[in-house]
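Q: Have a look at this one before I ask anything.
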Amino acid sequence: MDTRHPYSDLTPDRVLNAVESTGLPCDGRLIALNSYENRVYQVGIAEREPVVAKFYRPGRWSDEAILEEHAFTAELAERDIPAVAPLAAHGRTLQRFEGFRFAVYPRRPGRAPELEDPAILEWMGRFLGRIHAVGAVRPFLWRGALTVESLGDEPLAFLLEGGFLPPDLELPFRTIAQQVLRLVRAGFAAAGEMRAIRLHGDCHPGNVLWTEQGPHFVDFDDCRMGPAVQDLWMLLSGERDTMGRQLAHIMKGYRRFHDFDPRELRVLEALRALRMIHYAGWLAKRWDDPAFPANFPWFNTQRYWQDQILALREQAAALEEPPLVLA
């Protein structure tokens, strides 16, 4: 029985040959970029700018779901919204080579945005408002939605059933995680029915490349249907008053292009809580990938689970506070 991980066969030669199969003449330069869910490389091209090749994790998304991601980023780019869309070759954006599915993107340099700057927060808000205005036009059909079940219940069950927790910490972790999920559901119930739109889905600062011309939004691999606040809350940090000021700056730009339902603020901390549980479950589900133990050695240690229990207790307290209020 072959127990190797599928990415074990993604050798440097195979990466270069795959890119060359699209008609691009590689010059041999290859740099692995910081990505773990997929494998992403900067590939040198003869007498041209390098490109970025993204090799999709086998079995995660269907072809239809990947093509929806590509279509969404192309739709944004066509409206001069700085989302990095894949390049077409042979009349398609989703490529295949020796068992792998991949896409090739133009390389976009940049740095992390300085979110302490109110002007940059407003700038981010303008582009997120434009993204959401496009995202609201039609739904995704294949990519699913952000739900408490997919982000909370399922990863928690995987962690508990998979034996990842030390025996002495399993009950405390289970207890606080279940308490958090009850509070999450209460937050969603209090918010009522919210409009679900197409989202970036994972709009943390690492997925925004900043230049003098403003932001470029990259890595739409987690784009889903969900409430608009999912693309906003990861830009907020610090104490409650600080987050309120940050949100006000974002909204100053956002509302120029798209309406925002303030009821969604009732689920801001609920979404943060779901991400905490989902992230632990994601690490556990990928633990058979050799890249994960090598790059996340602190996961699944006694200290890690102790810290997670403490963080979830703190998040439970945050969930019981009143929601942020828009100025």
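The values are calculated or read from the model by the stated rules, or taken from the named source; none is laboratory data. Predicted model only: the values in this text are computed from it and were never measured. Because the Cβ atoms are built from the backbone with ideal geometry, glycine has one as well, and the counts that use them run over all protein chains shown.
Q: Report whether or not residue 302 is out of contact with any Phe, Trp or Tyr (no Cβ under 7 Å at 6 or more places or on another chain), within 28 Å of residue 176 (Cβ to Cβ) and surrounded by 14 or more Cβ atoms within 10 Å (Cβ to Cβ).
A: no
Q: For region 36-53: of the residues being outside any strand (DSSP E or B) and in contact (Cβ under 8 Å) with a residue 60 or more places away in the chain, which is surrounded by the most Cβ atoms within 10 Å (Cβ to Cβ)? It would help to see each step written out before you state the result.
A: First, the residues of region 36-53 that are outside any strand (DSSP E or B): 36-38, 46-47.
If we keep only those that are in contact (Cβ under 8 Å) with a residue 60 or more places away in the chain too, we end up with 36-38.
On the way: 36: 16, 37: 16, 38: 18.
Ranking the candidates gives 38 first.
Condition check ((1) among the acidic types (Asp, Glu); (2) over 22 Å from residue 166 (Cβ atoms)) across all residues:
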{"position": "255", "(1), (2)": "no, yes"}
{"position": "266", "(1), (2)": "no, yes"}
{"position": "269", "(1), (2)": "yes, yes"}
{"position": "288", "(1), (2)": "yes, no"}
{"position": "314", "(1), (2)": "yes, no"}
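Q: Also, quick follow-up: Test each condition in (1) surrounded by fewer than 14 Cβ atoms within 10 Å (Cβ to Cβ); (2) in a loop (DSSP other than H, G, I, E, B) for residue 64 and report the one that comes out false.
A: (2)
Q: Mind listing whichever residues of region 4-35 are surrounded by fewer than 16 Cβ atoms within 10 Å (Cβ to Cβ), free of Cβ contacts under 8 Å to residues at least 24 places away in the same chain and closer than 19 Å to residue 89 by Cβ?
A: Listed by number, the residues that qualify are 20, 25, 27.
Q: Which is within 14 Å of residue 219 (Cβ to Cβ) and in the same structural domain as residue 14 (by TED's automatic domain parsing), of 65, 112, 85, 89?
A: Result: 85 is the single residue among 65, 112, 85, 89 that is within 14 Å of residue 219 (Cβ to Cβ) and in the same structural domain as residue 14 (by TED's automatic domain parsing).
Q: Here's another thing I want to ask about it. Which one of these does residue 274 not meet: (1) crowded, with 19+ Cβ neighbours inside 10 Å; (2) at pLDDT below 95?
A: The one condition residue 274 does not meet is (2).
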